[in-house]
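Sharing a structure below in structure tokens format, with a few things to ask.
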Amino acid sequence: IRWEIITDSQPPVTVRVTPIELNQGVDLWKFDIVLDTHTGSLDENPLQVITLVDDKGSKYTPILWEGPGSGGHHKEGILVFNAINPTPKYVELKIKNVGGVPERSFKWNIK
């Protein structure tokens, strides 16, 4: 399955999220996360500012960030969650307080 790439371009930070693994029958769900800015520094810890929400409103925190730490104008890595069972109809990735934006939302239908 090729999942839709979703981009949120609210200044000063552009965030692009691509699900890599979001299928039924796997243990881990993975998202490629790219953050870009031309001003300031990307100091947020993805493990602290990103959650996954299912169709029932349950929230899940990531278990692993495979990428660089804080700082710089460009940050890209893989954010890993335990798969949600049973598989929800959709999931929404929420990113809080990056670039002064209270919340950015990225949603994919699974079923």
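Taking all protein chains together and a probe of 1.4 Å, list V91, V26 from the most accessible to the least accessible.
From most exposed to least exposed: V26, V91.
At H73 and E21, where each label point lies 7 Å from the Cα along Cα→Cβ, what is the point-to-point distance in nanometres?
Rounded to a tenth, the inter-label distance reads 3.4 nm.
Give me the net charge of D55's neighbourhood, meaning all other residues with Cβ under 11 Å from the Cβ of D55; Lys, Arg count +1, Asp, Glu -1. Write down the numbers at each step before the final one.
Details: positive: K56, K89, K107, K111; negative: D54, E92.
The answer is +2.
To the nearest 500 deg cm²/dmol, what mean residue ellipticity at 222 nm is calculated for the chain from DSSP H runs of n ≥ 4 alone, each contributing -39,500 (n - 2.57), summed and divided by the residues?
Using -39500 (n - 2.57) per qualifying helix, the result is -500 deg cm²/dmol.
Now, a different point. Counting Lys and Arg as +1 and Asp and Glu as -1, what is the net charge of the other residues whose Cβ lies under 14 Å from the Cβ of G69?
My count for the surroundings of G69 gives -3.
Could you work out what % of the accessible surface of the chain is carbon and sulfur, using a 1.4 angstrom probe and leaving DNA, RNA and ligands out of the count?
The C+S portion of the solvent-accessible surface of the chain is 49 percent.
Let me ask something else. Based on a Kirkwood Rh over C-alpha pairs, give the Stokes-Einstein translational diffusion coefficient of the chain at 4 °C and viscosity 1.567 mPa s in µm²/s.
For these conditions, the coefficient is 92 µm²/s.
Moving on to the next point. Given the C-alpha centroids of region 1-55 and region 66-111, what is the distance between them in whole angstrom?
4
Using θ = phi - 60° and the Karplus form 6.51 cos²θ - 1.76 cosθ + 1.60, what ³J(HN,Hα) does each residue of region 94-111 get, whole Hz, x for Gly and Pro?
10, 10, 9, 6, 9, x, x, 8, x, 7, 10, 10, 10, 10, 10, 7, 9, 9
Using a 1.4 Å probe, how large is the accessible area of S58, given in Å² and rounded to the nearest 10?
50
The values are calculated or read from the model by the stated rules, or taken from the named source; none is laboratory data. Because the structure is a prediction, the values reported are computed rather than measured. For neighbour counting, all protein chains shown are included, and Cβ atoms are generated from backbone atoms with ideal geometry for every residue, glycine included. To get the accessible areas, we keep the full protein, side chains included, count just its heavy atoms, and leave off ligands, DNA and RNA. Shrake-Rupley method; radii C 1.70, N 1.55, O 1.52, S 1.80 Å.
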